[in-house]
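The values are calculated or read from the model by the stated rules, or taken from the named source; none is laboratory data. Computed from a prediction, not measured in an experiment: that's the story for all the values here. Cβ coordinates were reconstructed from backbone atoms using ideal geometry, including for glycine residues, and neighbour counts include every protein chain displayed. With ligands, DNA and RNA removed, areas are computed over all heavy atoms of the protein, side chains included. Shrake-Rupley method; radii C 1.70, N 1.55, O 1.52, S 1.80 Å.
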Amino acid sequence: MYAFTYQRPTTVAEAASAIQAEEAKLLGGGQTLLPTLKQRLARPSDLIDLSGIPELKGIREVDGGLEIGAFTRHAEVAHSDLVKRVIPSLAGLAEGIGDRQVRNMGTLGGSIANADPSADYPSAVVALKGLVTTDRRTIAGDDFFTGMFETALEPGEIIKAVRFSRPDKAAYAKFRNPASRYAIVGVYVARFGAEVRVAVTGAAGSVFRADAFEAALAADFRAEALNGLSVGADGLNADIHASADYRAHLVTVMAKRAVEAAG
């Protein structure tokens, strides 16, 4: 019979101390870890529930944008009047994650720490100049995601919050899996003055920026500016839902839709 120790700390410091145990796992919304446990793909010695830590929760307006606690649930972001006012495209992204049950349980920190290649939030972290604050340091969004299910987090490092910069214009568009609603391809476009950032999720093993798209949109922020542009299919994901070539095609289509939605 498999058993583990369950802990529910009330501070980040307590959680950091508990995670030092061998094979300990942090529990956020449980949308990835719990199914993994049920499938017997993980056998942690200790399960540390982060739901009792107040400092990991909440949405705050800060100079230049928003700071969102790591344990803030997707539904809270989607329904927040503050998010809708400051960065409405971020609320729209959160509203499109999974189904209602997933949005009411899943958390921002859990999503980005898992770094699923089809997750939505990584595109927002990169496109909106995200800064990921942990119990040890601050990591720029461009440096946070390092590969499929891989991040710059060190063993035992705990995400506390993510700061998103407020863009002049932004929108997120995705072609979603009809069953899971994960992004087969999702594109987040954000304009900051003369700078444009285009972050692509779902298409490859990890979120990436489309440099040629960014240059074209910086010169002419219209969907038509992307005519004739595409990303290469080499290295893109391929599965029963979409080939690498089809995903490459979808990147351009979703980028155009995002630009049109941004206005």
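Please work out if residue 58 is assigned by TED's automatic domain parsing to the domain that holds residue 133, more than 16 Å from the chain's Cα centre (by Cα) and of a type outside the set (D, E, K, R). I'd like the intermediate steps shown before the answer.
Numbers: assigned by TED's automatic domain parsing to the domain that holds residue 133: yes; more than 16 Å from the chain's Cα centre (by Cα): yes; of a type outside the set (D, E, K, R): yes.
Judged against the criteria, residue 58 is a match.
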Flagged in region 11-26 as open to solvent by 80 Å² or more (accessible area, probe 1.4 Å) and in contact (Cβ under 8 Å) with a residue 60 or more places away in the chain, in numbering order, are 20
Restricting to region 49-64, name every residue that is part of a helix (DSSP H, G or I) and surrounded by 18 or more Cβ atoms within 10 Å (Cβ to Cβ). 50, 56
Given the structure, is residue 230 of a type in the set (Ser, Thr, Tyr), within 20 Å of the chain's Cα centre (by Cα) and not in a helix (DSSP H, G or I)? no
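Residue-by-condition table, conditions (1) within 25 Å of the chain's Cα centre (by Cα); (2) in a helix (DSSP H, G or I); (3) in the same structural domain as residue 156 (by TED's automatic domain parsing):
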{"residue": "16", "(1), (2), (3)": "yes, yes, no"}
{"residue": "20", "(1), (2), (3)": "no, no, no"}
{"residue": "29", "(1), (2), (3)": "yes, no, no"}
{"residue": "41", "(1), (2), (3)": "yes, no, no"}
{"residue": "47", "(1), (2), (3)": "yes, no, no"}
{"residue": "66", "(1), (2), (3)": "yes, no, yes"}
Of a type in the set (Phe, Trp, Tyr) and either without any contact (Cβ under 8 Å) to a residue 24 or more places away in the chain or not in a helix (DSSP H, G or I) (or both), is that true of residue 213? no
All conditions in (1) touching a residue at least 40 places away in the same chain (Cβ under 8 Å); (2) open to solvent by 70 Å² or more (accessible area, probe 1.4 Å); (3) under 24 Å from residue 30 (Cα atoms); (4) in the same structural domain as residue 197 (by TED's automatic domain parsing) are true of residue 175 except (3)
Could you go through region 72-89 and let me know if any residue there is in a loop (DSSP other than H, G, I, E, B) and touching an Asp or Glu at 6+ places or on another chain (Cβ under 9 Å). no
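Per-residue answers, yes or no, for (1) among the polar types (S, T, N, Q); (2) over 25 Å from residue 251 (Cβ atoms); (3) crowded, with 24+ Cβ neighbours inside 10 Å:
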| site | (1), (2), (3) |
| --- | --- |
| 76 | no, yes, no |
| 85 | no, yes, no |
| 91 | no, no, no |
| 95 | no, no, no |
| 101 | yes, yes, no |
| 107 | yes, yes, yes |
| 131 | no, yes, no |
Would a scan of region 174-187 turn up a residue that is of a type in the set (Phe, Trp, Tyr) and not in a loop (DSSP other than H, G, I, E, B)? yes
